[in-house]
Amino acid sequence: MNCKQIAAIILAAGGSIRLGTPKQLIPWQGMTLLNFTIATIKESGIEEVVIVLGASADVIRTSLKDTQLRIVVNAGWQTGKASSIRAGLNAIPGTAKGVLIFLCDQPYLSAELIHKIIQAGEESEAKIIAPAVGEQLSNPVLFKKEIFSAFYTLQGEEGGKNLFTRYPVQKVPWKDKRILLDIDTQDDLGKLA
């Protein structure tokens with residue numbers, strides 16, 4: 001399993017209610033946070049990238065710089081994360097041996113981390129591969145094809161972490177605790193360096 005066999009799904013459908021402005025459009029590293037996430041994924045060598053939009057879909061779509069993306073608009077985004085994951089899974093190629101699920105608001109994501117997760121996936125029998133800072137698991141998470149069907153049992157705000165108790169998880173040690181930061185509130189925004 002290498003980068004060419006992995007698809008990426010970026011969950012970018014949420015309404016950013018607590019932040020008060022679309023987190024996807026926050027300026028970061030000379031671009032928007034969502035464009036930074038896309039660029040980092042592409043830098044890792046993953047070619048199949050699916051973005052799931054919902055709230056503010058039209059505005060966010062016009063901000064996207066990369067035209068080689070598969071964009072899916074989840075009309076049911078308000079029902080929760082589970083429907084966005086399913087919308088993304090329905091859009092990836094059937095040949096994908098795994099999917100890495102990304103949040104759209106991880107400013108300290110790196111291609112190096114993505115490579116480590118994929119490499120661990122090649123070497124492990126585990127169906128789920130997740131970075132860990134100490135004992136705390138983070139995103140992005142790699143899910144192997146054999147368990148894709150389990151996502152269709154999730155409801156509402158349930159996401160990939162709901163599968164961690166059902167399947168073995170291989171942890172990928174990661175020392176940079178900033179990977180744990182995602183941008184949900186104005187306080188989180190203040191932590192960007």
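So which of Arg86, Arg70, Arg61 is farther than 30 Å from Lys171 by Cβ and open to solvent by 40 Å² or more (accessible area, probe 1.4 Å)? Full working, then the answer.
Working: Arg86 fails: farther than 30 Å from Lys171 by Cβ; Arg70 fails: farther than 30 Å from Lys171 by Cβ.
Being farther than 30 Å from Lys171 by Cβ and open to solvent by 40 Å² or more (accessible area, probe 1.4 Å) holds for just one of Arg86, Arg70, Arg61, which is Arg61.
From the list Lys144, Lys116, Lys81, Lys127, which residue is within 21 Å of Trp174 (Cα to Cα), touching a Gly at 6+ places or on another chain (Cβ under 8 Å) and among the basic types (Lys, Arg)?
Lys144
So which residues in the range 138-168 are buried (at least 18 other Cβ atoms within 10 Å of the Cβ) and not in a helix (DSSP H, G or I), if there are any at all?
Ser138, Asn139, Pro140, Val141, Leu142, Phe143, Lys144, Leu154, Gly159 - these are the residues of the range 138-168 that are buried (at least 18 other Cβ atoms within 10 Å of the Cβ) and not in a helix (DSSP H, G or I).
Does the range 47-58 hold any residues that are within 15 Å of Ala13 (Cα to Cα) and surrounded by fewer than 17 Cβ atoms within 10 Å (Cβ to Cβ), and which are they?
Listed by number, the list holds a single entry, Asp58.
When the residues of the range 30-44 are filtered to those that are open to solvent by 20 Å² or more (accessible area, probe 1.4 Å) and not aromatic (Phe, Trp, Tyr), which remaining residue is nearest to Pro93 (Cα to Cα)? Can you show your working first?
Keep residues of the range 30-44 that are open to solvent by 20 Å² or more (accessible area, probe 1.4 Å), which gives 30-32, 36, 39, 42-43.
After this cut, where a residue has to be not aromatic (Phe, Trp, Tyr) as well, the list is 30-32, 39, 42-43.
Working: Gly30: 31, Met31: 28, Thr32: 27, Ala39: 20, Lys42: 17, Glu43: 20 Å.
If we take residues in the range 30-44 being open to solvent by 20 Å² or more (accessible area, probe 1.4 Å) and not aromatic (Phe, Trp, Tyr), then Lys42 is nearest to Pro93 (Cα to Cα).
Could you grab me the full set of residues in the range 20-29 that are part of a loop (DSSP other than H, G, I, E, B) and either open to solvent by 30 Å² or more (accessible area, probe 1.4 Å) or over 9 Å from Asp105 (Cβ atoms) (or both)?
Correct list: Gly20, Thr21, Pro22, Gln29.
Could you list, in sequence order, the residues of the range 93-118 that are touching a strand residue (DSSP E or B) at 6+ places or on another chain (Cβ under 9 Å), outside any helix (DSSP H, G or I) and of a type outside the set (Val, Ile, Thr)?
Scanning the range 93-118 gives Pro93, Ala96, Lys97, Gly98, Leu100, Phe102, Leu103, Cys104, Asp105, Pro107, Leu109.
Consider the range 141-181. How many of its residues are touching a residue at least 60 places away in the same chain (Cβ under 8 Å) and farther than 22 Å from Ala87 by Cα?
Looking only at that region, the number is 5.
When you scan the range 55-76, how many residues do you find that are within 25 Å of Gly20 (Cβ to Cβ), at pLDDT below 95 and of a type outside the set (Lys, Arg)?
11
The values are calculated or read from the model by the stated rules, or taken from the named source; none is laboratory data. Fair warning: this is a prediction, and the values are worked out from it, not measured in the lab. Cβ sites come from the backbone with ideal geometry, for glycine too, and all protein chains shown count toward neighbours. In case anyone asks, the SASA skips ligands and DNA or RNA and just uses the protein heavy atoms, side chains included. Shrake-Rupley method; radii C 1.70, N 1.55, O 1.52, S 1.80 Å.
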